[in-house]
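All remarks here apply to the structure that follows.
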Amino acid sequence: MAKTNKLELIHRPRRLRRQPSRRALVTETVLRVEDLIAPLFVVDGKGRPEVIASMPGVFRLNIADLVKECRELHALGVPAVALFPKLDAKLKDEEGTEALNPDTLVLRAVRAVKKAVPELSVITDVALDPYTSHGHDGVLTEAKDDVDNDRTVIILGKMAVLQAEAGVDFVAPSDMMDGRIGAVRKALEAAGFSDTGILAYSVKYNSAYYGPFREAVGSAQAAGTRLLSKATYQMNPANRREAVREMQLDVAEGADIVMVKPAGPYLDIIREVRNNARLPIAAYQVSGEYAQIHAAAKLGWLDLVRCRDESLLAIKRAGADMILTYFAKEVAKALR
Ligand code: PBG
């Protein structure tokens, strides 16, 4: 009998990869435009879009330009935006007083966007970092050596009510104080906002990947100083079991959607949360993840578009139902 090089194999996974149509049939994960949430930065005044050096293609927009951007995102089918204000340094103080100004920048931005594009869902951060001179997410203890949990939570409840009044669809507590989801839910109920949802930054790590964002909102002044470490409230990157605990607490306190952040370096955490939660899960592909892909592409070391798409597909595959990403607009265009 003639010798052949053929192995006697029953199982050949490559059969399913033989041609594009076969590969299409067995695709397990699909990224949809409906999965995307666009984070946007807003500034006061009438100036031109401001460049953020470490985030190519992302700008700080005045309210009129922000509204225009929101119309475009809506027309592309992106269901939601998350708004972040960049305040003038002179509006910041130790207590983050400006956060409770009923006419503060982000609230004016929300009203303008909801008026122009009511169908677009609007999400706002509930945390003090854009408003505090020290850049922390809350107010400090008397000894000024840490963020005061309980005093901060009371302020966050008031902030959430102001955002609900301005018309947001979801408030997004991103501060990692204990008990804030319950306090925010209670404050919203007491003010009659039972339809305003809570997208909880439930599993938020103390990550170096937030660097470019802190430049974007100007919350980085104290970076490098002992005080700006957020390690006493954001999670230790070494911990996975604790992610489930944080998620379960937020679910019990009334979260509607739970979030994991960052996303790419924490795919195992997204999966862990997915396996233990019944609620929808959001993941935040943060500024540093975006910057990393752009930087390598700029050096000619990585293919921007393919890495962009692969990074988002991986986050979805890990178990995220929705993704906050600075790539939202260009991916929405590409998916058309
Ligand atoms: C603030 C906040 C941060 C981000 C979203 N909300 C930064 C921080 O906690 O210091 C980071 C987003 C990004 O890096 O894209 N509470």
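The values are calculated or read from the model by the stated rules, or taken from the named source; none is laboratory data. This one's a predicted model, so the numbers in the text were calculated from it and none came from an experiment. Please note: Cβ atoms are built from the backbone with ideal geometry, for glycine as well, and neighbour counts cover all protein chains shown. To get the accessible areas, we keep the full protein, side chains included, count just its heavy atoms, and leave off ligands, DNA and RNA. Shrake-Rupley method; radii C 1.70, N 1.55, O 1.52, S 1.80 Å.
Numbers at a glance
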read-out: Under-5 Å amide H pairs with Val126, H placed in peptide plane, nonlocal only; value: Ala172, Ser174
read-out: For the chain, calculated [θ]222 nm from helices alone, where every DSSP H run of n ≥ 4 adds -39500 (n - 2.57); value: -11500 deg cm²/dmol
read-out: Solvent-accessible surface (1.4 angstrom probe) belonging to Ile10, in square angstrom, nearest 10; value: 130
read-out: Crossing angle, helix 105-116 versus the chain [Cα axis fit, 0-90 degrees, rounded to tens]; value: 60
read-out: Span per principal axis, largest first, for the Cα atoms of the stretch 197-319 (Å); value: 46, 37, 28
read-out: Label zone at Ala75 (point 7 Å along Cα-to-Cβ), backbone N below 18 Å, the stretch 311-336; value: 328-336
read-out: Karplus-derived 3J(HN,Hα), 6.51/-1.76/1.60, for each residue of the stretch 86-98, Hz, glycine and proline x; value: 10, 8, 4, 4, 6, 8, 8, 8, 4, 8, x, 3, 4
read-out: Share of pairwise Cα separations in the stretch 80-147, more than 18 Å, in percent; value: 42
read-out: With DNA, RNA and ligands ignored, accessible area of Arg317 (1.4 Å probe; Å², nearest 10); value: 140
read-out: Exposed GluC sites (Glu not before Pro) absent - longest run of the chain, DSSP non-H/G/I/E/B, at most 11 other C-beta within 10 Å; value: 143-336
read-out: List Cys70, Cys307, ordered by accessible area with a 1.4 Å probe, largest first; value: Cys307, Cys70
read-out: Contact order normalised by residue count of the chain, Cα under 8 Å, 6+ apart, percent; value: 18
read-out: Set of lysines near Lys230 by C-alpha distance (under 30 Å), chain-local residues within fewer than 8 positions excluded; value: Lys86, Lys90, Lys92, Lys144, Lys158, Lys186, Lys204, Lys261, Lys316
read-out: Bridge type composition, the stretch 1-106 - antiparallel percent by DSSP, nearest 5; value: 20
read-out: Rounded accessible area of Lys6 (nearest 10 Å², 1.4 Å probe); value: 150
read-out: Gap separating the Cα centres of the stretch 266-284 and the stretch 74-121, nearest whole Å; value: 27
read-out: Contour excess over end-to-end distance, with Cα ends at Glu310 and Glu119 and 0.36 nm allotted per residue; value: 65.8 nm
read-out: Listed residue (Phe213, Ala112, Ala231) projecting farthest to the positive dipole end of the chain, Cβ model; value: Phe213
read-out: Rounded to the nearest 20 debye, dipole of the chain from Cβ charges on Lys, Arg, Asp, Glu; value: 2220
read-out: Percent antiparallel among DSSP beta bridges (both partners in the chain, rounded to 5); value: 10
read-out: Sequence-distant lysines (8 or more away, or on other chains) whose Cα lies within less than 24 Å of Lys298; value: Lys329, Lys333
read-out: Distant-in-sequence amide H partners of Tyr205 (H built 1.01 Å from N, under 5 Å); value: Met235, Lys261
read-out: Using alpha carbons only: equivalent-ellipsoid semi-axes of the stretch 117-252, gyration tensor based, whole Å; value: 24, 17, 15
read-out: Cα gyration tensor shape for the chain, rounded if a/c is under 1.5, else prolate or oblate; value: prolate
read-out: Computed label-point distance, nm, for sites Arg17 and Arg151 using a 7 Å Cα→Cβ extension; value: 5.9
